[in-house]
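The structure appears right after this line, and notes come after that.
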Amino acid sequence: MSRLVLLCEQLIAGDRRALARALTVVEDGTDDERREVITILHPLAARARIIGITGAPGVGKSSVADALITALRARDRRVGVIAVDPSSPFTGGALLGDRVRMQSHHGDDGVFVRSMAARDRLGGLAAAAPAAALLLAAAGYDDVIVETVGVGQSEVDVASLADTTVLVMAPGLGDAVQAAKAGVLEVADVLVVNKADQSGAGMLESELRTMLEIGHATLPMDRAVDASPAWVPPVLRTVAVRSEGIDGLLAAVTSHGELLVAAAHAAVSDGGHVTTRELRRARRWVGELALAALRSRLEATDRLDVLAAEVAGRRLDPLRAADELLASLGLDRPHVEH
Ligand SMILES: Nc1nc2c(ncn2[C@@H]2O[C@H](COP(=O)(O)OP(=O)(O)O)[C@@H](O)[C@H]2O)c(=O)[nH]1
Ligand SMILES: [Mg+2]
C-alpha cells in the first residue's frame, strides 16, 4: 500500500497527526502527492459546512471564531479551523495571536486549528483553501471555519468560497465605506459589529445598515441568484471576548445555510442537494487548478521567450504569437466559421 493511501486511512480514522501531515502534503507536496491525496479523499469526504470569517486586522475575527467554536462544540459539532494569514512569511505575529486565542480548545479532540500562509502556491489560495476544507471534512469535522483578513482581492475571493460569509467589523477599525470599496460588504451574508462594548458601535451599526440599503439595489447578479431575495444580511452585535451575541450569530449562520439548501436546485446521487455556493466553489477550484497547470506548462517551455522575441522584432503579431503558444501546448484556437 502506498504511503499516502495509509496516511488517508489514518486521517479518516481520526488520527490528528495524519490530518496535519496530509494538510502539509496538499499545501506543499509535489503535484503527484497532492493529486493522490485529493483523489482518494474527494469521493469519501462528507460535506462540511464552510463558514468564512473575514474583516480588517484587529476587529476580533479570531475571538469571534473562538467563541463560535465553543458554541458549536456545545451543540456537539466537530470544528476545523483554517486561519489564513496574508503576512505570515514576514511577521508570523498574527498567527501566533490566533493560536493563543484558540488555545482554550487545546486538548479538545473535536477542534482542529490549522494556519495557512497566503503566499503563492498552485492555484493560489482559491485552490488551497477548498483542498484543506476537503481534508477536514474527510477527517470528520462538521464545520470548517476559514478566517481570512479581508483586505486583498484573493481574501475576498476565499471568503466568497464559504457557504456563509461573516464580515466582522469593530468601532474605529475599518469602517463600512472602506469595506464597501474593498468589495467585502458585497460578499458578506452576515455582518457583525464586534467590540460592541466600545463606544461607536451604534454608529457603525447604522452606517452598515445604510450601506446595505444602498448596496441592496445594486447586488451583483450571482449574489442576487444565490443569496435569494429572501435573505437580507443581518447586522448583529457581539462582544466576542465575553461570548455575547454569539448564539445569535450561530443562529443567523444556520438559517442562512438552511436557506441555501432550500434554494438548491440540482439533486445529487446521495439524495442531497448541491447549492449554488457548492457549484461556485467547485467551478472556482477546477478553474484555478487548470489555469495553474497551464501556467506551469508554459513556464516549462522556452516557447514564450522565442515568440516574445519575434513579436518584439515585429516579425510576428502578438495575436498570432498567442495562438502559436497555445498550439504548442496542444490547445488549438477554436475554429470560427465565416
Ligand atoms: N473590548 C473588546 N475587545 C475585543 C473583543 N473581541 C476581540 N477583542 C480584542 O481585540 C484584539 C484583536 O482580536 P483578534 O480576535 O485577534 O482580532 P483579528 O485580528 O480580527 O483576528 C484582541 O486583543 C482581543 O482581545 C470585544 O468584543 N471587545
Ligand atoms: Mg485573527
- Message: Please determine whether any residue of region 46-54 is more than 9 Å from ligand 1 (Cβ to nearest atom), modelled with pLDDT under 90 and either loosely packed, with under 15 Cβ neighbours inside 10 Å or of a type in the set (A, V, I, L, M) (or both).
- Response: yes
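Any residue that is part of a helix (DSSP H, G or I) and touching a residue at least 24 places away in the same chain (Cβ under 8 Å) - is there at least one of those in region 75-82?
To start, the set of residues in region 75-82 that are part of a helix (DSSP H, G or I) comprises none.
No, there is no match, as no residue in region 75-82 is part of a helix (DSSP H, G or I) and touching a residue at least 24 places away in the same chain (Cβ under 8 Å).
Take the residues in region 1-42 that are of a type in the set (S, T, N, Q) and assigned to a helix (DSSP H, G or I); name whichever of them is surrounded by the most Cβ atoms within 10 Å (Cβ to Cβ).
Residues of region 1-42 that are of a type in the set (S, T, N, Q), as a first pass: 2, 10, 24, 30, 39.
Of the ones still in play, those that are also assigned to a helix (DSSP H, G or I) are 10, 24, 39.
Working: 10: 17, 24: 12, 39: 11.
Ranking the qualifying residues of region 1-42, first place goes to 10.
Restricting to region 220-251, count the residues that are in a helix (DSSP H, G or I) and modelled with pLDDT of 60 or more.
We begin by selecting, within region 220-251, every residue in a helix (DSSP H, G or I); these are 221-227, 240-242, 246-251.
Now drop any that are not modelled with pLDDT of 60 or more, which leaves 240-242, 246-251.
Total satisfying the criteria: 9.
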Of 71, 45, 20, the only residue that is away from ligand 2 (no atom under 16 Å from the Cβ), of a type outside the set (Val, Ile, Thr) and closer than 30 Å to residue 208 by Cα is 71
Practice task
Could you tell me whether residue 65 is in contact (Cβ under 8 Å) with a residue 12 or more places away in the chain, within 16 Å of ligand 1 (Cβ to nearest atom) and either under 16 Å from residue 165 (Cβ atoms) or in a strand (DSSP E or B) (or both)?
Solution key: yes
Q. Just a yes or no: is a residue in region 285-303 modelled with pLDDT of 90 or more and surrounded by 14 or more Cβ atoms within 10 Å (Cβ to Cβ)?
A. yes
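The values are calculated or read from the model by the stated rules, or taken from the named source; none is laboratory data. This is a predicted model, so every value here is computed, not measured. Here Cβ is always computed from backbone atoms with ideal geometry, including for glycine, and neighbour counts include all displayed protein chains.
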